[in-house]
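The values are calculated or read from the model by the stated rules, or taken from the named source; none is laboratory data. Keep in mind that this is a model prediction, so the values were computed, not measured. Here the Cβ positions follow ideal geometry from the backbone for every residue, glycine too, while neighbour counts run over all protein chains shown.
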Amino acid sequence: MKPHVGAPDLMGLVPGSAQRAQRLRLQHTRGGAGLLDGGWWPYSADPAEELPGLVMAIDEIHGPVVGLSLGDAGWHPQPAELHVGGRRIGIDYHASQPASLLTALCADGQRVDLLVVAPQTSWDLAAKAMLQAAQTGNRVAAPHIMPAVEEAHASPR
């Protein structure tokens with residue numbers, strides 16, 4: 001299944017697995033104007049369970065993923081690599097990288113920077129955060145999106 005990038009709804013992108021469908025929102029193109037390429041809302045903090053579907057979705061849109069960079073906090077366990085589509089993908093964890101940021105490195109040298117929404121986040125807040133992250137020209141960094149969305153949600157209209 002080829003994902004419809006930037007669709008108004010959040011699409012399941014793991015072929016053949018409705019229960020494990022990844023929740024992902026991406027910009028149509030990488031214009032360089034925004035800080036992020038989109039947002040992702042995993043079901044859990046287990047990389048082995050969550051990352052293969054995300055890698056397959058990015059592969060279809062941006063080409064083969066060859067490496068991933070994640071924040072040190074929030075991922076358990078922390079495998080050094082994944083095997084997806086018959087290839088090995090290295091995973092680096094960095095204490096200096098926010099837990100809310102994931103960077104995928106593609107074979108052509110392109111990087112895809114995604115907001116990572118915490119698994120326990122409510123549907124409405126997650127959807128708003130991913131929409132903000134995927135907005136063309138977004139200038140809000142990953143660590144600041146959820147606090148801004150939560151503040152706007154809590155404020156009276």
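Summary table
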quantity	calculated
Region 113-144, residues that are touching a helix residue (DSSP H, G or I) at 6+ places or on another chain (Cβ under 8 Å) and buried (at least 23 other Cβ atoms within 10 Å of the Cβ)	L114, L115, V116, V117, A129, A133, A142
Meets criteria (under 15 Å from the mean Cα position of the chain (by Cα) and among the aliphatic types (A, V, I, L, M)) for A48	yes
Residues satisfying the stated conditions in region 106-124, i.e. under 25 Å from P64 (Cβ atoms), in contact with a Pro (Cβ under 7 Å, 6 or more places away or on another chain) and assigned to a loop (DSSP other than H, G, I, E, B)	A107
Test: P42 is more than 20 Å from D108 (Cα to Cα), at pLDDT below 85 and within 16 Å of the chain's Cα centre (by Cα)	no
Test: residue in region 109-121 that is closer than 16 Å to L35 by Cβ, among the small types (G, A, S) and either modelled with pLDDT under 95 or out of contact with any Cys (no Cβ under 9 Å at 6 or more places or on another chain) (or both)	no
